[in-house]
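Q: This is the structure I have questions about; it appears just below.
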There are 4 protein chains.
Amino acid sequence: HNHWVLTFVCADQPGIVHAVSGAVVASGGNITESQQFSSADTGRFFMRLQVETPATRAELEAAFAPVVERYDLDFRLDVVGRPLRTLVLVSTAAHCLNDMLFRQRAGQLPVEIPLVMSNHGVLRDLAGFYDVPFEAHPVTDPASKAAFEDRVMRVVEEHDIELVVLARYMQIISPELCERLAGRLINIHHSFLPGFKGANPYKQAHARGVKLIGATAHFVTSDLDEGPIIEQNVVRVDHTRTPAELVSIGQDEESRTLSTAVKWFAEDRVLLDGARTIIFR
Amino acid sequence: HNHWVLTFVCADQPGIVHAVSGAVVASGGNITESQQFSSADTGRFFMRLQVETPATRAELEAAFAPVVERYDLDFRLDVVGRPLRTLVLVSTAAHCLNDMLFRQRAGQLPVEIPLVMSNHGVLRDLAGFYDVPFEAHPVTDPASKAAFEDRVMRVVEEHDIELVVLARYMQIISPELCERLAGRLINIHHSFLPGFKGANPYKQAHARGVKLIGATAHFVTSDLDEGPIIEQNVVRVDHTRTPAELVSIGQDEESRTLSTAVKWFAEDRVLLDGARTIIFR
Amino acid sequence: HNHWVLTFVCADQPGIVHAVSGAVVASGGNITESQQFSSADTGRFFMRLQVETPATRAELEAAFAPVVERYDLDFRLDVVGRPLRTLVLVSTAAHCLNDMLFRQRAGQLPVEIPLVMSNHGVLRDLAGFYDVPFEAHPVTDPASKAAFEDRVMRVVEEHDIELVVLARYMQIISPELCERLAGRLINIHHSFLPGFKGANPYKQAHARGVKLIGATAHFVTSDLDEGPIIEQNVVRVDHTRTPAELVSIGQDEESRTLSTAVKWFAEDRVLLDGARTIIFR
Amino acid sequence: HNHWVLTFVCADQPGIVHAVSGAVVASGGNITESQQFSSADTGRFFMRLQVETPATRAELEAAFAPVVERYDLDFRLDVVGRPLRTLVLVSTAAHCLNDMLFRQRAGQLPVEIPLVMSNHGVLRDLAGFYDVPFEAHPVTDPASKAAFEDRVMRVVEEHDIELVVLARYMQIISPELCERLAGRLINIHHSFLPGFKGANPYKQAHARGVKLIGATAHFVTSDLDEGPIIEQNVVRVDHTRTPAELVSIGQDEESRTLSTAVKWFAEDRVLLDGARTIIFR
């Protein structure tokens, strides 16, 4: 038997679940996991199914075709557990890349990473230890930045990349690249209560005496750091922590928050409902 | 339109969701919330639906009758938000009762409490402030204990009680009463890592220097404190806390854990799968 | 023996601890709890001591007088566990007031509350159940607001109030009152990652799909909601929560965060270091 | 200036802090961090100081000698940030070792690891990536187990090892080795509420439907898994997690809990008070 994951979005209306489950039955399948959500905000209906069936992809698609047409489903079908083709962009900070590569090797993160790209060379050894190709191209001016982004897009096309992860890549992505990678570009950044604008937020957080610091993984839109939130975590700190210790504590939260967000995305558990995400954990 | 909550359990098999959603469609209804789970351990299938429909209870039951019969569903139908008839048993500790009554009045806990029973009189005023009847009967020997439990069962029958909550009721419930209230008797107790047997566990936890203390809400079986777990919470402590402070911290966890468990039960979100619970949050 | 709490702040310099502990020894006392912090940011030194001694207040003050003078200590001496005279301001939301009053009666919150003041009458019964006097004065225009704040200041003077708590008091405090109550006026407000400006933040948080909501207890300065942070908590939420449920979840965090902040303040555990707090938990 | 960390334990009695701070003053030093605790259970007094001073070790020891003698201090003096000589024992699970080595290289864990020893060879590459020597010796019978433990003791002596970490080393340590390494042998193990005895606890936790799983780092005594607790963490799970997922989630908690415990130990923040630890975070 094959194990499939199906996700779809459509206008909310009676009968969808009945029609979809009918297609599953017609294909000889059994639903092993199912989650749905009706958005009162946008009037849209979201569903994620895992189905075990002897049917092939073609047979399953044929069974679903009338439902897709009748209810105008934005439909996606994939094999459960298939590694997602993922491009990772880094600068010099190792913690997020290390966490992703360790989990990928340990079988906890269903991604395959054909390439790590960076604007620095310092993480070459780490990628090498995990046998992942690594490219470094300096980004120092508008021309080199444009060249870097052109290379990103060529890699995306050549490797049919499904997800680009900014694992502490410390360059602003151009609006054009944001647009071309919309819905498949994930970033991680630190989070504080309250938020701090400008340079060195950990120093500001220290000066203000915050009691919680955290991290947010989110989709990137051209409105930087303001895209739909995928996952957030915080941890408690106190007045004795130096700014350097806050950075170290924050990095732990960044690593685990980013890896969680990538895992959910790779498992087709993250759907977009306007400015927010529906997470089918 | 009416808003219904449907829960059922049956043997896992293909076609259930299709059949159930077909009954919803036939009744003119729309599914507004849906959760399901296939237990690999027991081979049983669990589902909870919320359905908006113009159908009456009789019409909805008629639409579901063939499905219930064909798939041998253990089926339950109720109105979303209907307050659950709940009997609360207490001794002298106020924290859990206070939390439940405050939330009930604030509209956050869908229960109605026709009576609070106690083996002491000290919480009479608290119940009175919330206009809840209160009875105290001393429990000092086997005869008075049997009389107390007889009174519990009469109250359960007279008020058609659906849930009995042990809100720090410090008497062991007889196996007979456990049996008669099976699946509708919830208790709260403190939890530690590691666990401690015997008297004064907070003192033991202090002596052992535990770093986390918590609370567990669970169904009561005749095997006391070992019934299926509904909810657990913990909070961090350190070596400076006195045993008395640990008690106070633990009480906060007990209050919120018990109120959460009662809320989920009252909303038909708690189903039993052998020795464990399925929680459709 | 008496049990005293001593707190002081001064310029950081060698020898302070030796001098202070010498005064304790001279008074025949023993240090039962001690915490200190040197602020690298401001160059100030903070200390909190609990001391058991047969000495009277006068004897203890005499023992410390030379140290206070030599090191220019901003010094405070109090009896451990003495209830702090606290004025509570509320509007219509009951959750924070209920939590404070319950804990106060349960012996977990060392405050005495000679009066609750409100711009509405709805919480009169709750205060009454705990035998706390209650005054309501409508605040509808600049004149009635000024009258309300005048009454606050008279109460502060008449009852020698040491702390004013805004327990969901939904009026902006005038800069003049902020100034007069500087360092003894505590507020609670909701907190989100990221923060939201303007009306109905829970609705905004819902629209944005935040995964964590929380609460911050802070000193009030004339720069509203931006005073030094005392305590923060968050709790995890997901896309299924309605704005109304977010409000309910947020209220739980508000209650426990405010009560914690008040407890620490009442126990002399909160000291100010410029824009941030030092918390000697 | 040098930066020293001083820890000591003695019988609780008046005047200690004054005497100790007098020695600091006499050495020309300044206290930069200070924590103390009086144990009501054992009548002992614990203190940890960080001191900046131009004094050499000999000068500082001379300044303290009279205090050590008079108050019978169990006294320890070290340089702040000095890497602790640490031997790590592993079997086949990589997660704890990976976390420790990554943090050590990133400057977040003040240890130096002259050797990793294992009863399997699979983690040789991971140690190699971080340039840490690695030895594997099979442990299959009492003779090979005794040989392994002999080798451990020789390494401890040759490298003057200060801490031995069981980073998922899946062999029971003999009572003799426990005894010889008492107070410097740390283990990590999973923790559940309630606890589970016997093989495959994650499977038992799944069957019981626990809602929290966690990890405990503790000193090893000959009473396995029952030594004084250093640190604990838990994370929330639900009924949808498979036993394999529980293992993965539990491993994350194990890694971070063990690394935290090792960091605190290496920074002289962990003191023993009978069956429990005093943690000066």
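Q: Inspect all residues belonging to segment D:238-256 and state whether any of them is under 30 Å from D:Ser34 (Cβ atoms) and more than 8 Å from chain B (Cβ to nearest Cβ).
A: Yes, there is a match, as at least one residue in segment D:238-256 is under 30 Å from D:Ser34 (Cβ atoms) and more than 8 Å from chain B (Cβ to nearest Cβ).
Q: Sticking with this structure for a sec: Can you name the residue in segment A:221-253 that is part of a helix (DSSP H, G or I), of a type outside the set (A, V, I, L, M) and out of contact with any Gly (no Cβ under 7 Å at 6 or more places or on another chain) and, of all such residues, is surrounded by the fewest Cβ atoms within 10 Å (Cβ to Cβ)?
A: Applying the filter and picking the extreme gives A:Glu245.
Q: Could you check segment D:125-146 and list, in sequence order, the residues that are in a helix (DSSP H, G or I) and either at positive phi or surrounded by 15 or more Cβ atoms within 10 Å (Cβ to Cβ) (or both)?
A: D:Leu126, D:Ala127, D:Phe129, D:Lys145
Q: So, one more: Please tell me if B:Gly198 is more than 14 Å from chain D (Cβ to nearest Cβ) and either at pLDDT below 95 or under 16 Å from the mean Cα position of the chain (by Cα) (or both).
A: yes
Q: Here's another thing I want to ask about it. Return the residues of segment A:259-275 that are within 11 Å of chain C (Cβ to nearest Cβ) and either closer than 16 Å to A:Val79 by Cβ or touching a residue at least 60 places away in the same chain (Cβ under 8 Å) (or both); say none if nothing qualifies.
A: Passing the criteria: A:Ala261, A:Leu271, A:Leu272, A:Asp273, A:Gly274.
Q: Taking D:Thr216 as the residue in question, decide whether it is surrounded by fewer than 21 Cβ atoms within 10 Å (Cβ to Cβ), within 12 Å of chain B (Cβ to nearest Cβ), farther than 25 Å from D:Phe75 by Cα and among the hydroxyl-bearing types (Ser, Thr, Tyr).
A: For D:Thr216, the condition - surrounded by fewer than 21 Cβ atoms within 10 Å (Cβ to Cβ), within 12 Å of chain B (Cβ to nearest Cβ), farther than 25 Å from D:Phe75 by Cα and among the hydroxyl-bearing types (Ser, Thr, Tyr) - is not met.
Q: Residues that are within 22 Å of the chain's Cα centre (by Cα), in contact (Cβ under 8 Å) with a residue 12 or more places away in the chain and within 12 Å of chain B (Cβ to nearest Cβ): which strands (runs of 3 or more DSSP E) entirely in segment A:17-124 hold 2 or more of them?
A: A:30-38, A:44-53
Q: Just wondering, is there one or more residues in segment A:63-81 that are crowded, with 21+ Cβ neighbours inside 10 Å, of a type in the set (A, V, I, L, M) and within 30 Å of A:Gln104 (Cα to Cα)?
A: no
Q: Does A:Leu177 qualify as being surrounded by 14 or more Cβ atoms within 10 Å (Cβ to Cβ), of a type in the set (A, V, I, L, M) and either within 18 Å of A:Ala266 (Cβ to Cβ) or more than 21 Å from the chain's Cα centre (by Cα) (or both)?
A: No.
Q: Can you tell which of D:Ala55, D:Ala11 is surrounded by fewer than 19 Cβ atoms within 10 Å (Cβ to Cβ) and out of contact with any helix residue (DSSP H, G or I) (no Cβ under 6 Å at 6 or more places or on another chain)?
A: The conditions single out D:Ala11.
Q: Pick from C:Ile161, C:Ile229, C:Ile172, C:Ile186: which is of a type in the set (A, V, I, L, M, F, W, C) and either more than 26 Å from C:Leu87 (Cα to Cα) or within 13 Å of chain A (Cβ to nearest Cβ) (or both)?
A: Checking each option against the conditions leaves just C:Ile229.
The values are calculated or read from the model by the stated rules, or taken from the named source; none is laboratory data. A quick note: this is a predicted structure, and the numbers were derived from the prediction, not measured. We place every Cβ from the backbone using ideal geometry, glycine too, and count neighbours over all the protein chains shown.
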